[in-house]
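Values in this text are rule-based calculations from the coordinates and carry no lab data. Keep in mind that what you see is a predicted model, and the values were worked out from it rather than measured. For neighbour counting, all protein chains shown are included, and Cβ atoms are generated from backbone atoms with ideal geometry for every residue, glycine included.
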Amino acid sequence: MSRLGLGTMTWGRDTDEHEAAEQLRTYLDRGGNFLDTAAIYGDGDSERVLGGFIGTLVPRDELVIATKAGISVKSGERKVDNSRTNLLADLDKSLQRLGVDYIDLWQVHAWDPFVPIEEVLSALDIAVSSGKVRYVGLSNFTGWQLAQSATIQNPLFGKAAIASLQAEYSLLNRSAEDELLPASSAVKTGFLAWSPLGRGVLTGKYRNGVPSDSRGASPHFSAFVQPFLSQRSRSIVDAVCVAADGLGFSPIEVALSWVRDAFGVATAIVGARTGAQLRGIMTVEEITLPDQVRAALDEVSA
């Protein structure tokens, strides 16, 4: 699995099929193979668009496909339903939209306080034993929720082991270091970092306001980006930009390499609006931050 994963949250909604195809070609040409989507993304359109490329732009066996289940939007409201029936129904729909026989990594998208965890995890066992899923993981769980789930899913008892935990992690949000990264290391799961560029803010494009063509100005993502436009965030972004100028790198390369090489991180999942933007992101594979720069960024973002 590649160290940089390609997120497809906007595919089929803000990113049309032509643009998505360009992104996929760019990503594959630079050695990537891990594609992250979810049943909820674009109400299934993300999976549908990705499925249209499998077998045409790229053979199925050259991809590691990760998707998620359990979240839907009903009557305009986000709803989490991790009942066994709903999760397995989501899985079948994902397989159909993607046009594949199996999912490489199937993840529970969020914690559901109204469904016993034993029932949730039983869906993972069924998914793996049926051959529809190769590996299973969790997304947006807390440290104790991961520990509980991993303990129940002991492979010594014939359970499908929890292979991964996906959570937000960047220089603007280091809360994963409190519990998630230590818990992930303790139970031996791979940590998948989403939004490693601080919801796009660490690119530096918001330093002088919100560009009209940015996610921060879109109706879907403005509320998502807004929390990272604070004065504290500005100080961190400024430090990233200073480091980038000194090293001859871009702010994207500095911020992303910091996450990619952080303790316990298996993959950093990146998203892009355009193929050109993704080409700029993928250059990060050619660099490593000097220890002194990394330490300075650790300090300013602590």
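How many angstrom lie between the Cα centre of region 3-60 and the Cα centre of region 67-88?
Here the two parts' Cα centres lie 21 Å apart.
Any chance you could give the angle, 0 to 90 degrees and rounded to 10, that helix 291-300 forms with the longest Cα principal axis of the chain?
80
Which of the chymotrypsin sites (Phe, Trp or Tyr not before Pro) found in region 238-275 are in a DSSP loop and have at most 10 neighbouring Cβ atoms, other than their own, within 10 Å?
On the way: sites: Phe249, Trp258, Phe263; in loops: Phe249, Phe263.
Here the chymotrypsin sites (Phe, Trp or Tyr not before Pro) that fit, given the DSSP loop and packing criteria, are Phe263.
State the answer as a single residue: which of Leu24, Gln107, Leu57 lies farthest towards the positive end of the charge dipole of the chain, with beta carbon charges of +1 for Lys and Arg and -1 for Asp and Glu, about the Cα centre.
Positive-most Cα among the choices belongs to Gln107.
Any idea what the dipole of the chain comes to, in debye rounded to 20, about its Cα centre with Lys/Arg Cβ at +1 and Asp/Glu Cβ at -1?
On the way: 28 positive and 36 negative charges, 50 e Å.
Approximately 240 debye in magnitude.
On a 0 to 90° scale, report how tilted helix 143-152 is relative to the longest principal axis of the chain, with both axes built from alpha carbons and the result rounded to the nearest 10.
30
So what J values fall out for region 36-52 if you push phi through Karplus, 6.51 cos²θ - 1.76 cosθ + 1.60 with θ = phi - 60°, rounded to Hz, Gly and Pro as x?
After applying 6.51 cos²θ - 1.76 cosθ + 1.60, I find 10, 9, 6, 4, 7, 5, x, 6, x, 5, 4, 4, 5, 5, 4, x, x Hz.
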